1. Taking residue B:340 as the residue in question, decide whether it is within 14 Å of another protein chain (Cβ to nearest Cβ), surrounded by fewer than 20 Cβ atoms within 10 Å (Cβ to Cβ) and either in a strand (DSSP E or B) or modelled with pLDDT under 95 (or both).
2. Quick check on segment A:127-137: of everything there that is touching a strand residue (DSSP E or B) at 6+ places or on another chain (Cβ under 6 Å) and buried (at least 19 other Cβ atoms within 10 Å of the Cβ), which residue is farthest from the other protein chains (Cβ to nearest Cβ)?
3. Say we look at segment A:418-463 and pick out the residues that are in a strand (DSSP E or B) and of a type in the set (Asp, Glu); which of these is nearest to residue A:570 (Cα to Cα)?
4. Just checking, how many residues over segment B:478-519 are of a type outside the set (Phe, Trp, Tyr), at pLDDT 90 or above and closer than 19 Å to residue B:618 by Cβ?
5. Suppose we keep only residues that are in contact with a Ser or Thr (Cβ under 6 Å, 6 or more places away or on another chain) and of a type in the set (S, T, N, Q) within segment A:138-161. Which one would you say is nearest to the other protein chains (Cβ to nearest Cβ)?
6. Inside segment B:358-377, can you point out the residues that are assigned to a strand (DSSP E or B) and touching a helix residue (DSSP H, G or I) at 6+ places or on another chain (Cβ under 9 Å)?
7. Return the only residue of B:257, B:310, B:268, B:306 being at pLDDT below 90 and of a type in the set (Asp, Glu).
8. Looking at (1) in contact with a Leu (Cβ under 6 Å, 6 or more places away or on another chain); (2) surrounded by 21 or more Cβ atoms within 10 Å (Cβ to Cβ); (3) within 9 Å of chain B (Cβ to nearest Cβ), which is the only condition residue A:114 fails?
Amino acid sequence: MKMNVPYSLNILLLLCLTCSVFAQQSSDQAAKESAFYAIKDVPIPDDVILEVGGLAFTDDDQLGVATRHGEIWMIDRPYSAQPKYNLFASGLHEPLWLSYRNGAFYTTQRSELTKLTDTDHDGSADLYQTIYSWPLSGNYHEYSYGPLFLPNGDMLVTLNLSWIGHGASLRKWRGWMLKITEDGKMEPFATGLRSPAGFGVNAEGDIFYAENQGDWIGSGRITHLEKGDFAGNPEGLRWSGEPNSPLNLKMDMIPDSVGLMYDFAKEIPSLKIPTVWFPHTIMGISTSAILSIDNDVFGPFKGQLLVGDQGHSKVMRVFLEKVNGEYQGACFPFREGFSSGILRMAWGSDHSLFVGMTSRGWASTGPEDYGLQRLMYNNKMPFEMKAIRATSNGFEIEYTQPVDPKTASNASAYQVTGFTYSYHSSYGSPIINQEGCAIVKAEVMDGNRKVRLYVSGLREGYIHELKAPGVKSLQGNALLHKVAYYTLNNLPEGEGMDHDMMVAQEQNQGNTGNATACGADPAKNVTTQPADWANGPDITITIGTKPGLKYDLEQIEVPEGSKVKLTFNNNDDMLHNLVITNPGKGDEVGKKAMEMGLDGAQLAYVPQSEDVLFNTCLLQPETSESIYFVAPKAGDYTYVCTFPGHYLNMRGMMKVTGRASASGD
Amino acid sequence: MLYKVQLFCLLIITGAACTNEQETETKNGSSSLPATTIGLDNLNAFQVVQATNWQIAGDVYANRHEDQNLQPTEGAGVLVNLPAKNAGENANLLTKLEHGDMDLELDFLMAKGSNSGIYLQGRYEVQLLDSWLKKELNYQDCGAVYQGIDTRNRFAGHAPLLNAAKAPGLWQHLKIRFKAPQFDESGKKISNARFEEVYLNGELVQQQVEVSSPTVSALANDEKPLGPLMLQGDHGPVAFKDIRYKAYDHEQLALKEMEFEVYEGMYEASIDTLTMLKPDQSGKTDTLSQLLGNEHSQLSVRGTMEVPREGDYLFEVKAGGPAWLFIDDKMVVYNGGTHNFGQGFYGKQYLKAGNYDFQIVYANYSRSLALSYEGPGIPWTTLTTTASARKQWQPDSMVDLVNEKPKTQRGFMMHEGEKDEYAIAVGIPGGINYAYDLKNYNLLSAWHGQFLDVSEMWVERGEPQLEKPLGAIVEFSGKPAAALLKGNNANWPDSVNADEGILKNRGYRMRKNGLPVFFYTREGVQVEDYIYPAENQSGLTREITFKAGTPVSDLYILVDSGKAIEKLPDGSYGVNNKMYYIENLKGFQGEPEIRQRDGSAELLLKANASASNKISYSIIW
């Protein structure tokens, strides 16, 4: 293996250690999906660190790749087994996007929008032009993304908030989407953004941006942005008094704890509610790229959106419709099992999907530090819910294949549950106001292609989980993905139902979310010193975090039977917990946590399992908690963060040693 | 951070020494007690020598092209050694001060080809040499710890970690943290002398180098707890200024009779609340640690502080959560309630020898509390236990090297103590590098040696996002290079972080040789700025080209501004108190002008009144 990389190779070595973990964790679901959509590696030379920040095809079908080390690689024949890599540009500051237009590349660096041109056609850029630059505070979280070209040649860029224990707009236009012309004229376009790494346009040319869970953001989502919109995080409003601001909403009009965003938006006209919510940990944890499916070659979903997820290394699918003039719709699982954290997606000329990845500093379930893969349709029709449309009294589900009328018309083949998230300044939100909806009737229509569901208990402004586990295709197959999440901002007009009366009270009663729940079993989460520990703990251990989703202590040692006080200090900028599992059970518990679905958040993502011995609560950034327990019998006990997707990286070993001597107790 | 340097003098016992109050100010208070300066108005601070090689001067000039050339000028403040030809007629210079552990800082200036040294306790030498541009370094180079005399178990000397030396004739900065050898009661040595850290021109060149015996040609071959500082005078011409030190003995402040109380819950807004509460736990302790309490509770520790001697004491608190230090009920430090446990807060208190009551209160948010102090003759010492404070995670270094082609890398870089977010670093084969700002289009810094450490950008999230030069940097003022001035009396435009739109059509082109040419248009004048290695890699040559539609008559360029700029006898300019040279100036009208503005000197060139011209000069350091 040729290695002439001049700097430390720690990252690469780390990769190999996690390869075996990846093999185990590649899930059954990914295997099922692979029958319809195949993932193929685009080979990367050993001496190229391709931490993908941006992807863009040139006019002659070469793939440009911007990397977080500031390089732009041109990949010739990216569809072949031996693609050729040519370094087109270098020295950029973490470019997190790439576009190509009229013979030039465009990217954002931390501080500016840059155009790169190869004026002498020797294969590398020789002209680096600054189109527009913006102020920075120097905070690491001030990522900048774009440009996305609009049809008239104007460009959109988005600017992340800083992180200072909470998101903050420390300099002008952080938390905004800006529109910039080729000659450097800037117009602030919309704000309320927190971590807007992905944005794109649908077939109609309307702009959608993807947001990640965080402060003020209960869960991941995509939002349709128009000029003057405020998408929810108030920090960017710091600049709404600027003369060129398209809105004049002020920060102090947003109280710390609002309640429901949907209700509040009725009072605040510029507040734009999410178009489609991606329930946190179920539909990814960090939405990234948005790409419209512009062809029929890739399968039956033309006109829909694909949305990548960095932390869960997967691609999800979105169907949108307009109701009462506003976009809303459903998101569906689509394809998981990519090799690293997905940040960017681009269409190849053969209508395969190129997926560019990086996970440095932001761990992903795909264990590689970086990667470039292609997703290809196998020309085999999956049995999927293709689209879900809202009706005045339920949903209409369109399938990719004719359904078996018997199972599909059985109301008990479906489950619908409504829920939403709190709109508040703290980080994330538990699922709140969760209530089941009764399926009154299911009608098969349109030559078995559609099912009309009559549902009672639908609520405007709520996300509705729609499960169809019992539905079979005419050929007898179960759905490839049995669940979808429809964000019902507007109920179409028409014949309604008496929702209140018909709410299925028996379903999920009292399951209304609890921000302070700390697992299913309080005995595993003892947070006050037991009364019989007269002399206090024998051992006090403090575990914190370090960047890259890791505990700062990856091995601790305690004697068998000792009284342990373990403090977990979440000094990271994301939610974490610490769960001590039986020896060798870390992965199993971590996986179980990922499968907890809507219940996960309420139970701090601590699954009900004998293999969970002790656990902390799910801790907000910059908080800590101590748990007290007596060390079990000698052995190597794994501790993991079971926040979905973290357990592969964020783990350590509690070595319990045998008793040194027989003591009197 | 904000750095403010205060200088003032006052007379102390000898009537000659001068105290140089050079405190490092942070926004959280001064982070250091003042050092003592060795007065250089006369030789009274030194032991009398018969030889005449040492003298006091006002300034010095060394022609960097001429071996052993050093010319003093009349005045005071600079100590100069001009050895006679016959080595036997020259003497080393010893301070009257005898010291043990010591932090020492000074400026020195070497003649071309010269050799000198600083002997701690008269015995352990940090070598000074004209090592400018040398690639292979050994124990005889500038910043080396020189070879020892002990022939049986010889200390072989220790080469500097990198070549941080500047050109002869420029002032250089040396900082040494030295630990004296220690002896038991019978006088037997129990630990060797040690150079904990030596910094040359801001770069760490020695770290924890233990020295088993005095250096060759030391004052004496024995080892003792105390000895004078010795400046070597018999090898070559050298000058010193701003010699300042902190000398330490082994006295310590002690915390005794400590009692702690833990109050569950958080009352950060007012510590007075605590007086109304009953503690949930209490007890006695002989160590100070946040581990006495719990997170989300408040810890109060009271006790007696035994102060060994009178003087100013500086206390530092670093805590994750609000923390207060009281001495005799007076609040000395409060950390403003921060949860950032890496940030230091300072409070200075004059104390007499004796016992004081103290109290420390900590609202425990993120389980980290460190209390440290510096005192008269006492180095920084931490009073809390090691386990009480959390460590800041630091990535391993990740070195980005330049091979056969030049490299560029944008990132954040420090400039004059602040982060510059628009920096581009340029590394040129042969070991010459510079940094440039792509917002204001000016030179930030330059350095000889390797290119960059990028670990703070490319390991994990890269939170500082800093690219760090791998060499001793020369910093430039960062002011814009070109401007249209209404006559040479007009002020230079201050356009730090120029508003977007002032500079148009901007960016850089890559030449075939891989070096960038920066370009922009300002007030209708197209400017190109090309920077390439000067002859023999001695520095950089800068070529600024102007193009305008019509001839412009009032276009100036600012070569740089700094504390002082002087024209030197060889025709070059010494900038910023001889931190670097400007020479080989070409393409301008009339004479270069040195003018004073707001306490800074500026070196201005006026462009020829034409539609197109080129000005160039070299920067040598």
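1. Values: within 14 Å of another protein chain (Cβ to nearest Cβ): yes; surrounded by fewer than 20 Cβ atoms within 10 Å (Cβ to Cβ): yes; either in a strand (DSSP E or B) or modelled with pLDDT under 95 (or both): yes.
Answer is yes for this residue.
2. In this case the residue turns out to be A:131.
3. Step one: filter segment A:418-463 for residues in a strand (DSSP E or B), giving A:418-421, A:423-424, A:427, A:431-445, A:450-456, A:462-463.
Next, only the ones that are of a type in the set (Asp, Glu) stay: A:435, A:443.
Working: A:435: 32, A:443: 50 Å.
The qualifying residue nearest to residue A:570 (Cα to Cα) is A:435.
4. 5
5. The extreme case among them is A:139.
6. B:361, B:362, B:369, B:370, B:371
7. Values: B:257 fails: at pLDDT below 90; B:310 fails: at pLDDT below 90; B:306 fails: at pLDDT below 90.
None of the other options fit; the residue is B:268.
8. Checking residue A:114 against (1) in contact with a Leu (Cβ under 6 Å, 6 or more places away or on another chain); (2) surrounded by 21 or more Cβ atoms within 10 Å (Cβ to Cβ); (3) within 9 Å of chain B (Cβ to nearest Cβ), the one that fails is (1).
The values are calculated or read from the model by the stated rules, or taken from the named source; none is laboratory data. Being a predicted model, the structure only gives us computed values, none of them experimental. In this analysis, Cβ positions are derived from the backbone assuming ideal geometry, glycine residues included, and neighbour counts consider all displayed protein chains.
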